[in-house]
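The values are calculated or read from the model by the stated rules, or taken from the named source; none is laboratory data. Since we're looking at a predicted model, the values are computed, not measured. Quick reminder, even Gly has a Cβ in these numbers, built from the backbone with ideal geometry, and neighbours come from all protein chains shown.
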Amino acid sequence: MSRVLIIGCGGVASVAIFKCCQASDVFTELCIASRTKEKCDLLAEKLRPKTKTMITTAQVNADNTDEVIRLIRSYEPDLVMNIALPYQDLSIMDACLACGVNYMDTANYEPEDTDDPAWRKIYEARCREKGFSAYFDYSWQWAYREKFEKAGLTALLGCGFDPGVTQAYCAYAKKHEFDKIDTIDILDCNGGDHGYPFATNFNPEVNLREVSAPGSYWEDGHWTEVPAMSIKREYDFDQVGMKDMYLLHHEEIESLAENIPEVKRIRFFMTFGQSYLTHMKCLENVGMLSTTPVQFEGHSIVPIKFLKALLPDPASLGPRTHGKTNIGCIFTGHKDGQEKKWMIYNVCDHQACYKEAGSQAISYTTGVPAMCGAMMLLTGKWDLKGVHTVEEFDPDPFLDALDVYGLPRSICEDPVLVP
């Protein structure tokens, strides 16, 4: 039925590919492409005996638009799934435009080199204009809206869990549960334990830059920024228990504020243990989270890249991670003239994910939505032209697919609110 090019072969991509192979009636052909073709070959060899999907592999440097263009033209896919690094979003989007192919990713663009003067000038202007200083935002990809619309193409942004499923939860709440939504709190709890003193559950460069940035939230039509980890709450998560969580800046706040403009406040919280925070603060204090190159024994080294090489590979955490995740949204608002509160969430078990897909739950909860989003595009259930985030599409078939492919929703009609 369809031919799909998947760029990336890390933990999240491996889950997405595994799940695509469970739906071979939709994903009839896949090409797995990465900078390291050997990784693609190993995964393809592992999956071929278990699926009817025809799998091929290729080598590509996704930073190089011309290389991506050549690969797309040779493979002629119906969709390009970018499950590589957010640094590569724009180069792959440019290639898709050049080749007339639909595009999707799991996280919005951020630059690899935050010291680049040209980028820095635009970034500093955005900080002044919008009021938040995170390196990642949608403006770079939203700038492609007219190009994709005129080309009759779709670019689906941020179709992981958060961003992604959390925005579908918001669209579902707006469509079915509320006449007007007043507040949205997005809660991301990882109750898993991998046994290491310190490790990140996804790409360390992206993860550590995200959580060490100032927090921010949307309220009464504007951004409020606060120091990193300065707002802490406790919450009792279903099947996980009481956890400390901290307010972060997160990309879906930006798109939700634009697409559900009546919402008065949107916040994002993520759980962290004290050991993680202590290690992270120490690394930050000694400069190991810096993206600015330093000279060491005649070599130029980016500290956070060197740190990434030292830390455990997130894809290796599956067999040793135990516990569960709980990710969802709490809403307040009005329905039929009455005040209402409501929660929708998913609970995912790390060991169940490893048993099924060889991954921990963080990769699983991102890879499964990527596959389901691709399925929506390939089957025509999502067909808006231009550049769009998940909450702009009909949430019903997407959430139904998640229920089937491993991330079923749970509902709480009377949730405890976050102060």
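Observations, loosely collected:
- Any hit, segment 364-371, residues being surrounded by 24 or more Cβ atoms within 10 Å (Cβ to Cβ), modelled with pLDDT of 95 or more, closer than 24 Å to residue 28 by Cβ and among the hydroxyl-bearing types (Ser, Thr, Tyr): yes
- Test for residue 359: is it over 23 Å from residue 260 (Cα atoms), of a type in the set (S, T, N, Q) and in a loop (DSSP other than H, G, I, E, B): yes
- Residue within segment 373-389 that is over 30 Å from residue 20 (Cβ atoms) and either within 20 Å of the chain's Cα centre (by Cα) or in a helix (DSSP H, G or I) (or both) present: no
- The requirement of being within 20 Å of residue 404 (Cα to Cα) and in a helix (DSSP H, G or I) is satisfied by residue 17.
- Qualifying residues in segment 80-106 (those that are assigned to a loop (DSSP other than H, G, I, E, B) and closer than 16 Å to residue 63 by Cα) - the one modelled with the lowest pLDDT: 85
- Any hit, segment 318-332, residues being in contact with a Gly (Cβ under 9 Å, 6 or more places away or on another chain), without any contact (Cβ under 8 Å) to a residue 40 or more places away in the chain, within 27 Å of residue 242 (Cα to Cα) and not in a helix (DSSP H, G or I): no
- Within segment 102-120, the set of residues being without any contact (Cβ under 8 Å) to a residue 60 or more places away in the chain, out of contact with any Phe, Trp or Tyr (no Cβ under 7 Å at 6 or more places or on another chain) and not aromatic (Phe, Trp, Tyr) comprises 105, 116, 117, 118, 120.
- Residue 339 in a strand (DSSP E or B) and acidic (Asp, Glu): yes
- Identity of the residue in segment 372-389, among the small types (Gly, Ala, Ser) and within 26 Å of residue 14 (Cα to Cα), that ends up surrounded by the fewest Cβ atoms within 10 Å (Cβ to Cβ): 380
- Complete set of residues in segment 2-31 that are under 19 Å from the mean Cα position of the chain (by Cα) and not small (Gly, Ala, Ser): 5, 6, 7, 9, 12, 15, 17, 18, 19, 20
- Selection status of residue 129, part of a loop (DSSP other than H, G, I, E, B), at negative phi and either at pLDDT below 95 or hydrophobic (A, V, I, L, M, F, W, C) (or both): no
- For segment 390-404, a tally of residues being in a loop (DSSP other than H, G, I, E, B) and either surrounded by fewer than 21 Cβ atoms within 10 Å (Cβ to Cβ) or small (Gly, Ala, Ser) (or both) returns 1.
- Test set (1) in contact with an Asp or Glu (Cβ under 8 Å, 6 or more places away or on another chain); (2) exposed (fewer than 15 other Cβ atoms within 10 Å of the Cβ) - residue 419 fails condition number: (1)
- With respect to the stated conditions, residue 368 is in contact with a Leu (Cβ under 7 Å, 6 or more places away or on another chain), in a helix (DSSP H, G or I) and of a type in the set (Val, Ile, Thr).
- Cross-chain or 6+ apart pairs with Cβ under 8 Å, segment 227-248 first and free of Cβ contacts under 8 Å to residues at least 24 places away in the same chain, then not in a strand (DSSP E or B): 227/214; 228/211; 228/212; 228/213; 228/214
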